[in-house]
Amino acid sequence: MEKKEQVHLERSIDLSSALALVIGTVIGSGIFFKQASVLSYSHSTTLALLAWFLGGVLTLTSGLTIAEIGSQMPQTGGLYIYMHNLYGKIWGFLSGWMQITVYGPAVIAALGAYLAILLQAFFGFDQSLTPYVGVLSVILISLFNFLANRFGSALQIITTLCKLLPIALIIIFGLLFGDQNALGQVLATQAATPAGNFGVAILATLFAYDGWILIANMGGEIKNPQKILPLAIILGLSAVLVIYVLVSYGIFKTMPAEMIQRYGENATPHFAVMAFGPLGGKLLNIGIIISIIGCMNGKVMTIPRIMYAMARNNELPFSKQLAYINKTMHTPMVSISVIALIASGMILTVDPDRLTEICIFTIYCFYVMTFFGIFKLRKVSTTKKRPFSVPLYPFTPIVAILGAAFVLVSELFSDLSGVLISLAIVLCGVPLYYWKEKHK
């Protein structure tokens, strides 16, 4: 399969582009709007900062584990390829099926819908046009990704640098001019959520760290992937962890805990107005809009690669068309178009945020299976030299597994109906898999 990919796909993504993809697909809107909820569950600014830190550590252990696996399977498709090679064709198919039919398009649709809401608030156009603006944003970014990877990579680098500007301003202002105690502020009992929810606070941060694995979908298009893929994951996630903790610290040092709780999702925009005046609020909104555009671009670049990889293995209806690669641009135009079409339909008909929540359980099931795969790989290749070895083995993958298991248990208790729906969606792929296998 790798030989075919070298013929049809261009290895054009270097370290800077890969880093921008990791950072850009993780940092969307979560860090700007999750401060109040994490604080509410944590009850204190100290514990909230700890939650952001521990969420980052759990994500980093996951990334390190995937880095070792991915360096040994440097092919386009990411999680789908890992599941396929570790556990067999049907498990690879089901992991890809969930990602291309619901989870991936829903993530893109949610970003498009939220981007449209911000654009409506910023420009003041008729609110009834908001869904169509969301669809237009998905279409435009998808069309842009028809171009060669160097264009999408350039946009990813530019938007990542732009989104780091408001983040840097928040951190610098908080550190230099904040007059609150960033550590030790405690919410009043009536303002906080019930006690014992520190684990839920960590869970909220994990969702803000989501998207880190998508760079693996581009394995077949990364220059020297055995070296660059692990390095991009490690450096990118380490940077995101530091950024998230420092942004939270800057906000906590500037605003009293009760004020953050009271403003909720608007706490960070209010911080911008407090720090830099009405113009600051506008600039922060522009920064968030650019942040979401970059996040969408990263996901539109990476998610269709799963569909392409499945089509290359002839596992989908119309596989020949879905595996089409433009000879000039070396991009999977048909797969990009289909994902964009599904995402656009979701914006107009359903709540994509809810769809992504529903799929969390099964996505993390596949994460856990993949993390366990590192032990399987080590067992069958004890004498083979690995391109990258996870540090502190086996402690690091064990922590990654425990973190993913924590998400699974939390989902079971908090959203049982969503868990059952997500499992049903996965099971719908089983007859399709066997039908396709029968007619190959």
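Worth a mention:
- Selection count where residues are open to solvent by 60 Å² or more (accessible area, probe 1.4 Å), assigned to a helix (DSSP H, G or I) and either without any contact (Cβ under 8 Å) to a residue 24 or more places away in the chain or in contact with a strand residue (DSSP E or B) (Cβ under 8 Å, 6 or more places away or on another chain) (or both), scope segment 376-401: 4
- Selection count where residues are open to solvent by less than 60 Å² (accessible area, probe 1.4 Å) and not small (Gly, Ala, Ser), scope segment 117-133: 8
- Criterion (surrounded by fewer than 21 Cβ atoms within 10 Å (Cβ to Cβ) and in contact with a His (Cβ under 7 Å, 6 or more places away or on another chain)) met by exactly one of VAL186, VAL242, VAL200: VAL186
- Residue list for segment 269-312, restricted to those being at pLDDT 90 or above and either among the aromatic types (Phe, Trp, Tyr) or under 17 Å from HIS330 (Cβ atoms) (or both): VAL300, MET301, THR302, PRO304, ARG305, MET307, TYR308, ALA309, ALA311, ARG312
- Taking residues in segment 258-286 that are of a type in the set (Asp, Glu), and partners anywhere that are assigned to a helix (DSSP H, G or I) and surrounded by fewer than 19 Cβ atoms within 10 Å (Cβ to Cβ), the pairs with Cβ atoms closer than 6 Å and at least 6 places apart or on different chains are GLU265/PHE33.
- In segment 1-93, counting only helices (runs of 4 or more DSSP H) that sit wholly within it, the ones holding 1 or more residues that are under 15 Å from LEU241 (Cβ atoms) and out of contact with any strand residue (DSSP E or B) (no Cβ under 7 Å at 6 or more places or on another chain) span 15-26, 30-33, 35-42, 45-72.
- Verdict on GLN120 being at pLDDT 85 or above and more than 22 Å from the chain's Cα centre (by Cα): yes
- Candidate set: segment 92-116, residues that are hydroxyl-bearing (Ser, Thr, Tyr) and under 30 Å from LEU129 (Cβ atoms); chosen: the one surrounded by the fewest Cβ atoms within 10 Å (Cβ to Cβ): THR101
- Tally, over segment 318-328, of residues that are farther than 18 Å from PHE146 by Cα and in contact with a helix residue (DSSP H, G or I) (Cβ under 7 Å, 6 or more places away or on another chain): 1
The values are calculated or read from the model by the stated rules, or taken from the named source; none is laboratory data. Everything numeric in this text was worked out from a predicted model, so none of it was measured. All Cβ positions, glycine included, derive from the backbone under ideal geometry; neighbour counts span all protein chains shown. Side chains are part of the model used for accessible areas, which takes the heavy atoms of the whole protein and leaves out ligands, DNA and RNA. Shrake-Rupley method; radii C 1.70, N 1.55, O 1.52, S 1.80 Å.
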